[in-house]
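In what follows, a structure is listed as structure tokens, so that the remarks can point back to it.
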Amino acid sequence: MIHPGPLGEIGGGDLPRRVALSAEGIGFPPHATAGHDFNLVSETEVDCVLDAADRALAGATFRRDGTVPVSIEAGESSMLAQRFGDAGLAVSTFAPGSADDVDFAVGQSARAEFRTDGLEDVLLVDGHNCHAGLSGAGPDLGHVTPGSKRSYDLYDAAGTAGEAAAEADRGRTELGVAWDPTEWTPEEGIGPLGVRVAVTRVAGVEAAYVLIDGNNMVPGLRGDLLSAVREATGVDHVEVMTTDNHVVNRTRADNRVGEEIDADALCETVRSLAVDARDDLEPVAVAGGTERTTVTVFGNDRTETLATQANAALSLGAALAAAVTLFAMSVSVLLFFLT
């Protein structure tokens, strides 16, 4: 699990686009449960991740059966989950509460809770879909860390969702997809992947998964998007995710989906794509796989060191600016009296 940061195209900042481009069809690269400590140190490291994904695909066994989707709530945590063959998909969120990245260790523990009946391959997605902004998120910025109440809520939700998915009705899996790159720009909070929607149908029960190429969302927008999809399609379950693509943070640390673009326009785009994806439903075979690879990431020490150096640079910059200003004023005063 890798985090798409730190900013712009630096390191793994453009990881979602690279992953999507490597797919033969329409790629859906959601946000994993990892924070900035798991930023790749260079763009070349992305190739290692993509190679591992190719190996997982080559060794995967495709199956046509799946389970109906289940929605679970535990404390502040909500989860939409399905099983496809021998693989599981679980999308988590703490909305309407404000939350940011889920710690790597928390995600690993939640995946373990979800596994039942020997299920090995679980894609646990951090919905990353509601944040109050840097000024309103509190001292921890909404991070979900080990030992926090939210971490235990997530464990409970994952365990319950895993059991419910294992016991859910099975049927033939159908899938439909739709994509619009949109005309919005990274400066407006939307990355190059635009908006993508996937709709599944198993045993007559439908779920819509909406993926927006951005870094989190303003509070309330997720709810509007869920309502828009339900009203347009009548699907039984809906969840909205962002990729956490940091190309939208080239010049701004806080550039959430919905800050710069019109919410109604985004709702209309998502509504239209959901209808198209539902119309695209057809029987498919699905597989999951897990591969490991070695990459170099920032790590906890590097992240803290980078932050310390940045703060030191800012402090020196302020002192230097003051010195330059004082020098300029002194020269001006001398010139005034001497001329």
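Which one of these is modelled with pLDDT under 95, surrounded by fewer than 20 Cβ atoms within 10 Å (Cβ to Cβ) and more than 30 Å from THR251 (Cα to Cα): ASP169, ASP121? Please lay out each step first, then the result.
Values: ASP169 fails: modelled with pLDDT under 95.
Only one candidate passes the filter, namely ASP121.
Exactly one residue among ALA161, ALA157, ALA132 is assigned to a loop (DSSP other than H, G, I, E, B) and closer than 24 Å to LEU226 by Cβ, and that residue is ALA132. Within segment 256-274, if we keep just the residues that are outside any helix (DSSP H, G or I) and among the aliphatic types (A, V, I, L, M), the residue that is surrounded by the most Cβ atoms within 10 Å (Cβ to Cβ) turns out to be VAL257. The combined condition, being within 29 Å of SER272 (Cα to Cα), in a loop (DSSP other than H, G, I, E, B), aliphatic (A, V, I, L, M) and out of contact with any Pro (no Cβ under 7 Å at 6 or more places or on another chain), is fulfilled by ALA99. Filtered by the rule that a residue be in contact with a Gly (Cβ under 9 Å, 6 or more places away or on another chain) and more than 24 Å from HIS246 (Cβ to Cβ), segment 122-160 gives VAL122, LYS149, TYR152, ASP153, ASP156, ALA157. Take the conditions (1) surrounded by 16 or more Cβ atoms within 10 Å (Cβ to Cβ); (2) under 17 Å from the mean Cα position of the chain (by Cα); (3) of a type outside the set (Phe, Trp, Tyr); ALA253 misses just one of them, which is (1).
Scanning segment 2-18 for residues that are out of contact with any Lys or Arg (no Cβ under 8 Å at 6 or more places or on another chain), among the aliphatic types (A, V, I, L, M) and over 12 Å from LEU40 (Cβ atoms) turns up nothing.
The listed residues are LEU314, LEU281, LEU266, and the only one of them that is modelled with pLDDT under 95 and either of a type in the set (A, V, I, L, M) or closer than 23 Å to ARG230 by Cα (or both) turns out to be LEU314. Which residues, counting only those in segment 172-228, are acidic (Asp, Glu) and under 16 Å from the mean Cα position of the chain (by Cα)? If the condition is that a residue be acidic (Asp, Glu) and under 16 Å from the mean Cα position of the chain (by Cα), then ASP213 is the only one that fits.
The residues of segment 102-118 that are surrounded by 15 or more Cβ atoms within 10 Å (Cβ to Cβ), part of a helix (DSSP H, G or I) and among the hydrophobic types (A, V, I, L, M, F, W, C), listed by number, are PHE104, VAL106, ALA110, PHE114. Pairs please, first residue from segment 97-123 and in contact (Cβ under 8 Å) with a residue 12 or more places away in the chain and under 20 Å from GLU76 (Cβ atoms), second anywhere and of a type in the set (Ser, Thr, Tyr) and part of a helix (DSSP H, G or I), Cβ atoms under 7 Å, 6+ apart in sequence or on different chains. From segment 97-123, the pairs are VAL106/SER151; SER109/TYR155; ALA110/TYR155; GLU113/TYR155. Only one entry of ARG115, ARG150 meets the criterion of being of a type in the set (Lys, Arg) and within 27 Å of VAL199 (Cβ to Cβ), and that entry is ARG115. Any chance segment 52-63 includes a residue that's under 22 Å from THR293 (Cα atoms), out of contact with any Ser or Thr (no Cβ under 8 Å at 6 or more places or on another chain) and among the aromatic types (Phe, Trp, Tyr)? No, segment 52-63 contains no residue that is under 22 Å from THR293 (Cα atoms), out of contact with any Ser or Thr (no Cβ under 8 Å at 6 or more places or on another chain) and among the aromatic types (Phe, Trp, Tyr). Restricting attention to segment 135-152, the residues that are surrounded by 14 or more Cβ atoms within 10 Å (Cβ to Cβ) and either within 19 Å of the chain's Cα centre (by Cα) or at positive phi (or both) total 8. Looking only at segment 72-105, filter to residues that are more than 30 Å from ASP254 (Cα to Cα) and of a type in the set (Gly, Ala, Ser); which one of those is farthest from the chain's Cα centre (by Cα)? Step by step, filter segment 72-105, then rank; the result is GLY85.
Might you let me know whether segment 37-45 holds any residue that is buried (at least 20 other Cβ atoms within 10 Å of the Cβ), over 30 Å from GLY133 (Cα atoms) and within 20 Å of the chain's Cα centre (by Cα)? Checked segment 37-45: no residue is buried (at least 20 other Cβ atoms within 10 Å of the Cβ), over 30 Å from GLY133 (Cα atoms) and within 20 Å of the chain's Cα centre (by Cα).
The values are calculated or read from the model by the stated rules, or taken from the named source; none is laboratory data. Every value quoted in this text rests on a predicted model; they were computed, and no experiment measured them. Note that each Cβ is placed from the backbone with ideal geometry, even for glycine, and that neighbours are counted across all protein chains shown.
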